[in-house]
Amino acid sequence: MPITIDTTRFGELEIETEAVIEFPTGLIGLGGSRYALLANDETSAIVWLQSLEDPSLALPVTNPGRFFTDYYVELSDAEATRIGITDPDLADVYVTVRATEMLEDCTANLRAPILISRGRGHQVINESEFAPMRAPLFPGTREKATAA
Amino acid sequence: MLIITRRPGERIMLGDDITIHVMEIVGNSARVGIEAPKSLPVYREEIWAAVKEENQASARVEADRIANPASDAGARV
């Protein structure tokens, strides 16, 4: 049975049951226990993590590998035990995007990635060395003002 | 706020399942041990607050600013 939700941003959407992602502890500071990923098409760089409980709550997220080739997630033992994912490579990884008017000011939060595996999602703290909370998505776009 | 004075080696119970150990105090730092159910996330407050702020800022963006998945009729993973 698909779920129908009348979202604030995207209007009425039908979400297949298989597409529902359970977040046992929600997103940090935002809560929520059920979300779904929405995309324009398979190649969209930015997809939306839409809450299925709060129609107005949705966060743009992206696969960090598309923008940060050396990015990896390192979990503390406690965090790995908590979420039951010992190897982050085996999960789908997304990072939240902070979008602004200016493309060059758009950033991604590499410190708190969202790992999704087998229908469950967890926002975790990345212990790796390269994990800024606001990593520019388009460094160098300042010179190419028309890129947007 | 409840305020409790503890010495190093003493503990505080939060309910039956969460134990806060005051392990040692060196200078102006307190080492604290936390025993909690493994399903409970534990964060340093400043990191939790910063991530919360980033999540909220991310969620404030309107769809037309980036890409509207509904424009292509339908959601998909």
Step by step: first the residues of the stretch B:24-77, then only those that are under 27 Å from A:Thr100 (Cα atoms) and β-branched (Val, Ile, Thr), then the one that is modelled with the lowest pLDDT. Which residue is that? B:Val77
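Take A:Ile116 and decide whether it is modelled with pLDDT of 95 or more and touching a strand residue (DSSP E or B) at 6+ places or on another chain (Cβ under 6 Å). Walk me through it before giving the result.
Details: modelled with pLDDT of 95 or more: yes; touching a strand residue (DSSP E or B) at 6+ places or on another chain (Cβ under 6 Å): yes.
Yes: the conditions hold for A:Ile116.
In the stretch A:52-62, what count of residues is obtained for those that are in contact (Cβ under 8 Å) with a residue 24 or more places away in the chain and either within 26 Å of B:Ser39 (Cα to Cα) or not in a loop (DSSP other than H, G, I, E, B) (or both)? Explain how you work it out, then say what you get.
Restricting attention to the stretch A:52-62, the residues satisfying the condition of being in contact (Cβ under 8 Å) with a residue 24 or more places away in the chain are A:52, A:55-62.
When the remaining residues are screened for being either within 26 Å of B:Ser39 (Cα to Cα) or not in a loop (DSSP other than H, G, I, E, B) (or both), the result is A:52, A:57-62.
The total comes to 7.
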How many residues, within the stretch A:1-26, are over 30 Å from B:Pro41 (Cα atoms) and among the aliphatic types (A, V, I, L, M)? 2
A:Glu16 being more than 7 Å from every other protein chain (Cβ to nearest Cβ) and modelled with pLDDT of 95 or more: no
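Matching residues to (1) crowded, with 20+ Cβ neighbours inside 10 Å; (2) part of a loop (DSSP other than H, G, I, E, B):
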{"residue": "A:Thr4", "(1), (2)": "no, no"}
{"residue": "A:Leu13", "(1), (2)": "yes, no"}
{"residue": "A:Ala36", "(1), (2)": "yes, no"}
{"residue": "A:Gly65", "(1), (2)": "no, no"}
{"residue": "A:Tyr72", "(1), (2)": "no, yes"}
{"residue": "A:Glu101", "(1), (2)": "no, yes"}
Kindly establish whether A:Ser44 is modelled with pLDDT of 95 or more and under 15 Å from the mean Cα position of the chain (by Cα). no
Looking at the stretch A:69-88, which of its residues are out of contact with any Phe, Trp or Tyr (no Cβ under 8 Å at 6 or more places or on another chain) and not hydroxyl-bearing (Ser, Thr, Tyr)? A:Val73, A:Glu74, A:Leu75, A:Asp77, A:Ala78, A:Glu79, A:Ala80, A:Arg82, A:Ile83, A:Gly84, A:Ile85, A:Asp87
Among (1) of a type in the set (Val, Ile, Thr); (2) more than 10 Å from chain B (Cβ to nearest Cβ); (3) crowded, with 20+ Cβ neighbours inside 10 Å, the one test that A:Ile21 misses: (2)
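So, in the stretch A:90-100, exactly how many residues are over 8 Å from the mean Cα position of the chain (by Cα) and either within 16 Å of A:Gly119 (Cα to Cα) or free of Cβ contacts under 8 Å to residues at least 12 places away in the same chain (or both)?
From the stretch A:90-100, those over 8 Å from the mean Cα position of the chain (by Cα) are A:90-92, A:98-100; that's our starting set.
Applying the additional criterion that residues be either within 16 Å of A:Gly119 (Cα to Cα) or free of Cβ contacts under 8 Å to residues at least 12 places away in the same chain (or both) yields A:90-92, A:100.
So the count comes out to 4.
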In the stretch B:25-42, the residues that are at the interface with chain A (Cβ under 7 Å from one of its Cβ atoms) and hydroxyl-bearing (Ser, Thr, Tyr): B:Ser39
Filter the stretch A:80-130 for residues that are at the interface with another protein chain (Cβ under 10 Å from one of its Cβ atoms) and among the hydroxyl-bearing types (Ser, Thr, Tyr); the one that is farthest from A:Phe23 (Cα to Cα) is A:Thr100
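The values are calculated or read from the model by the stated rules, or taken from the named source; none is laboratory data. Please read all numbers here as calculations on a predicted model, not as lab measurements. Cβ: placed from backbone, ideal geometry, glycine included. Neighbour counts: every protein chain shown.
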